[in-house]
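Working notes, structure below.
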Amino acid sequence: MRSADSGSVDERGWELNRPRRTETQWRRDDETVRCFRFDDGYVSTVVYETRDVTWQLTPGQVPLASALAMATVYRQHSTTPQIDPDGRPFVAVGESGPRQVFEEIADEPVDYVYLDTIRTLEEFPSFIEVSEETRRVYERMSPTRYNTLG
């Protein structure tokens, strides 16, 4: 059964595709961003279909809101989270918004915002827009909405 949200396209060209209780996908051109339940947490990935390449946006299993934040940063800002020496995902945020920093000293002042401790949509950093679609996805995928069989 398809959701009413399925097939909607946002202003950046991402189409919500296959929204389900355990997985949501967004597609644009040859890219697919997936957020899905994995064991006791959630994982977000990006797939480039024409190059047969997949990479994780999350460093492993994280809370649902964290996984959605990482997927949303990628979809809204084309920025993938970076991983610190302790394995924690972060995004460098400068005046122009989220960006990746590859030098020890960035070319502009940045703040490092960690994304692995986000538990609710209200905790999203200000540079991540929380759309109604994101709220619906969060509600649909939220583990409090269903019980898993053990």
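For the reader, a short list of remarks on this structure follows.
- Single condition Pro98 does not satisfy, out of (1) farther than 15 Å from Val113 by Cβ; (2) over 13 Å from the mean Cα position of the chain (by Cα); (3) buried (at least 21 other Cβ atoms within 10 Å of the Cβ); (4) not acidic (Asp, Glu): (1)
- Near pairs, Cβ below 6 angstrom, 6+ apart or cross-chain, from the stretch 111-129 (more than 24 Å from Pro85 (Cβ to Cβ)) to any residue that is part of a loop (DSSP other than H, G, I, E, B) and of a type in the set (S, T, N, Q): none
- Residue in the stretch 23-40 that is open to solvent by less than 80 Å² (accessible area, probe 1.4 Å), closer than 22 Å to Glu123 by Cα and modelled with pLDDT under 95 present: no
- Test: Gly13 is out of contact with any Lys or Arg (no Cβ under 7 Å at 6 or more places or on another chain), surrounded by 12 or more Cβ atoms within 10 Å (Cβ to Cβ) and either in a loop (DSSP other than H, G, I, E, B) or hydrophobic (A, V, I, L, M, F, W, C) (or both): no
- Qualifying residue in the stretch 70-81 (condition: part of a loop (DSSP other than H, G, I, E, B), over 27 Å from Glu139 (Cβ atoms) and open to solvent by 50 Å² or more (accessible area, probe 1.4 Å)): no
- Residue list for the stretch 101-119, filter: under 22 Å from Tyr138 (Cβ atoms) and surrounded by 14 or more Cβ atoms within 10 Å (Cβ to Cβ): Val113, Tyr114, Leu115, Asp116, Ile118
- Considering only residues in the stretch 47-69 that are out of contact with any Ser or Thr (no Cβ under 7 Å at 6 or more places or on another chain) and β-branched (Val, Ile, Thr), the one that is surrounded by the most Cβ atoms within 10 Å (Cβ to Cβ) turns out to be Val62.
- Residue in the stretch 42-64 that is farther than 15 Å from Arg140 by Cβ, among the β-branched types (Val, Ile, Thr) and in a loop (DSSP other than H, G, I, E, B) present: yes
- Taking the listed residues Val93, Val9, Val62, Val53, the one that is in contact with an Asp or Glu (Cβ under 7 Å, 6 or more places away or on another chain), without any contact (Cβ under 8 Å) to a residue 12 or more places away in the chain and at negative phi is Val9, with no other qualifying.
- Boolean, Gly87 is open to solvent by less than 20 Å² (accessible area, probe 1.4 Å) and either modelled with pLDDT under 95 or over 22 Å from Glu133 (Cβ atoms) (or both): no
The values are calculated or read from the model by the stated rules, or taken from the named source; none is laboratory data. Computed from a predicted model, the values in this text were never measured in an experiment. Positions of Cβ are backbone-derived with ideal geometry, glycine not excepted, and every protein chain shown enters the neighbour counts. Protein only, heavy atoms only, side chains kept; ligands, DNA and RNA dropped before computing areas. Shrake-Rupley method; radii C 1.70, N 1.55, O 1.52, S 1.80 Å.
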